[in-house]
Amino acid sequence: MWTRKSQAWQGELAEIRRETSRHDRASAEYLVTGSKILELAKNTHTLFIRQNSEEQARLLKILLSNCTFDRGSLSPTYNKPFDMFAEGNETGDWRREWDSNPR
């Protein structure tokens with residue numbers, strides 16, 4: 001009985017280690033993706049000015065999903081996650097109610 005249980009536990013432990021490894025890889029990938037998004041958001045204006053019209057159109061397609069023009073006013077609709085940056089810029093609330101130290 002001990003041998004059977006030990007083998008079962010070893011199998012469970014191996015599965016848990018595989019899952020943990022998979023989560024560790026995912027966390028690293030999210031970090032890289034997040035860094036790239038922040039870098040793009042930070043440099044968007046500079047990139048846009050330097051690019052030709054085709055590259056500018058490509059950049060706008062990444063950032064925007066739809067724009068409306070009404071009575072001389074342009075209203076952009078941003079793709080995720082750029083919508084968070086636009087909202088934070090408008091409201092001044094960059095945390096969106098995420099606080100690691102709630103009061």
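Tabulated values for the structure
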| quantity | calculated |
| --- | --- |
| Taking the range 37-79 and dividing mean pair separation by its residue count, relative contact order in percent (alpha carbons under 8 Å, at least six apart) | 25 |
| The range 38-55 and the range 1-31: distance between their alpha carbon centers, rounded to Å | 43 |
| Inter-probe distance in nm under a simple model that places probes 7 Å from Cα toward Cβ, at Lys5 and Ser35 | 4.7 |
| Simple spin-label estimate for Ile16 and Lys80 in nanometres, 7 Å along Cα-Cβ | 3.2 |
| More than 19 angstrom apart: percent of Cα pairs within the range 1-50 | 57 |
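Coordinate-derived values only; no laboratory data. Keep in mind it's a predicted model, so treat the numbers as computed, not measured. Methodologically, a virtual Cβ is constructed for each residue, glycine included, from the backbone with ideal geometry; neighbour enumeration extends over all protein chains shown.
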